[in-house]
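Here the structure is laid out as structure tokens; the discussion comes afterwards.
The values are calculated or read from the model by the stated rules, or taken from the named source; none is laboratory data. Quantities reported herein were computed from a predicted structural model and do not represent experimental measurements. All Cβ positions, glycine included, derive from the backbone under ideal geometry; neighbour counts span all protein chains shown. SASA here: full protein model, heavy atoms, side chains in, ligands and nucleic acids out. Shrake-Rupley method; radii C 1.70, N 1.55, O 1.52, S 1.80 Å.
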Amino acid sequence: MPAPKKAIRRSLLVTSAVLSSLALTAPVALAAPKPSASPSATPPAKMSTVGGNRLGQSGTQVNLAGGVPVIPKDVTARSWIVADAESGEVLAAHNAHWRLAPASTLKMLFADTVLPKFPKTMKHKVEPSDLAGIGGGSSMVGIKENETYTVHDLWLGVFLRSGNDAVHVLSQMNDGIDNTVKEMNEHAEELQALDTHVVSPDGYDAEGQVSSAYDLTLFARSGLQKKDFREYCSTLTAKFPGETKKNKKGKKVRESFEIQNTNRLLTGDYDISQYQGIAGVKNGNTTNAGATFTGVAERNGRVLLVTVMHPEKAEHNEVYKETARLFDWGFKAAGKVQPVGELVPPKSAVRASAQPDASGEAGGSGQGGGGTEPVASAPAGDGTSGMGIALAVTGGLLVLLAGGAFLVNRRWPLPDLVRRRTRP
């Protein structure tokens, strides 16, 4: 949206946005998540109504009308959601607040919580204790004891290979697993992701660990405000440091090996094509969770978020196929379908929008807030694939979109997300 139009929209919607923020963020009080060794195949009768009453109802919620395409019939997921990433409008949902095991999609919350704490150039030598307690059968990037890695390396391991070893190392750097879990739960509450209870920061199946399609979408939306988060989640391939060994001449050498993103809508696979406009975000798969995935894609200036949890159909790459169908529906329905709810803002944004600024207008000056500083296109260096980094479609100057606009008119611009087409 051009700057003059945004300014007009902001001034017109100050009052309604503030009232909407305050009204829609009063959730239904529900009991704390209960441990579940084997998740139920039936959604609960009562679910949270954060984001709107219809999102607390079971089954598919959509406002079909003339010109609105029908929801694809071959979507078998227990829970899913289709939302506009910038306006926050939920276009359609199915059991959006059903508390289910999240698998590695929970790493989005981990990254949104921990990523800002360490500069990417910081180095860390891995101690044996850093890798303690990793669950059996975990996905690993291949971190070795007594080797040194940069924070940049570790985050590539988290996002591309969903490495639980990388998560554990970063958690130990963050004053330990327990502290990281505590901070993740606090951050989830700040984001109003009230279906979520974190037990293990890597998303590994743990008693009582739950989230929902709604909450995972909130995590993605919040994470995408961060430039590094956008870079990592959209990277296709990268070079990762290997183990130090002696060559034939007895000299110590450390070579690197290639890692590829396991998001099949980003990379493609033998039975699925790369999705046009895809730019992340995160996938997961565990025994309790089944397959889970949150994706973000842009088409014709529209940016959508889709989360899919636990497809019942056992076909290979099914979670990506169902996500692609929901993306297709969303891009056709956007602008035609009446939303069934919204992605709520963080608590701090609601409080800020209710506070008058010096001029007496709610919402403040539009300065400050997450992701409000100018950002530059991420270079295709550090061993990462240039295609995998979210670039502006023209490769020109990036537009600074103030976070204050979100506080006032409910939009949450994504500063340099996608705005380009993937390779044919």
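The set of residues in the stretch 184-227 that are of a type in the set (Lys, Arg) and either within 20 Å of Asn285 (Cβ to Cβ) or out of contact with any Asp or Glu (no Cβ under 8 Å at 6 or more places or on another chain) (or both) contains only Arg221. The residues listed here are Thr42, Thr49; of these, the one that is open to solvent by 10 Å² or more (accessible area, probe 1.4 Å), touching a Gly at 6+ places or on another chain (Cβ under 7 Å) and part of a loop (DSSP other than H, G, I, E, B) is Thr49.
Entry remark, the stretch 212-251: residues being open to solvent by less than 40 Å² (accessible area, probe 1.4 Å) and touching a Phe, Trp or Tyr at 6+ places or on another chain (Cβ under 8 Å) number 11 in total. Tyr275 satisfies every condition listed in (1) open to solvent by less than 40 Å² (accessible area, probe 1.4 Å); (2) closer than 22 Å to Ala111 by Cβ; (3) outside any loop (DSSP other than H, G, I, E, B) except (3). Scanning the stretch 116-132 for residues that are open to solvent by 10 Å² or more (accessible area, probe 1.4 Å) and either at pLDDT below 95 or of a type in the set (A, V, I, L, M) (or both) returns Met122, Leu131, Ala132.
If you go through the stretch 62-74 one residue at a time, do you hit one that is outside any loop (DSSP other than H, G, I, E, B), modelled with pLDDT under 50 and open to solvent by less than 50 Å² (accessible area, probe 1.4 Å)? There is no residue in the stretch 62-74 that is outside any loop (DSSP other than H, G, I, E, B), modelled with pLDDT under 50 and open to solvent by less than 50 Å² (accessible area, probe 1.4 Å).
Identify, from the list Asp228, Asp215, Asp202, the residue that is part of a loop (DSSP other than H, G, I, E, B) and not small (Gly, Ala, Ser). Only one candidate passes the filter, namely Asp202.
If you check Lys120 against the conditions, is it in a helix (DSSP H, G or I), among the basic types (Lys, Arg) and in contact with a helix residue (DSSP H, G or I) (Cβ under 9 Å, 6 or more places away or on another chain)? Can you show your working first?
Values: in a helix (DSSP H, G or I): no; among the basic types (Lys, Arg): yes; in contact with a helix residue (DSSP H, G or I) (Cβ under 9 Å, 6 or more places away or on another chain): yes.
Answer is no for this residue.
Restricting the first residue to the stretch 309-323 and requiring it to be free of Cβ contacts under 8 Å to residues at least 12 places away in the same chain, which pairs with a second residue that is among the acidic types (Asp, Glu) meet a Cβ separation below 9 Å and a spacing of at least six or different chains? Cβ pairs passing all conditions: Glu315/Asp271.
For (1) surrounded by fewer than 22 Cβ atoms within 10 Å (Cβ to Cβ); (2) at pLDDT below 95, each residue gets a yes or a no:
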residue	(1), (2)
Arg302	yes, yes
Met309	no, no
Ala324	no, no
Gly335	yes, yes
Gln338	yes, no
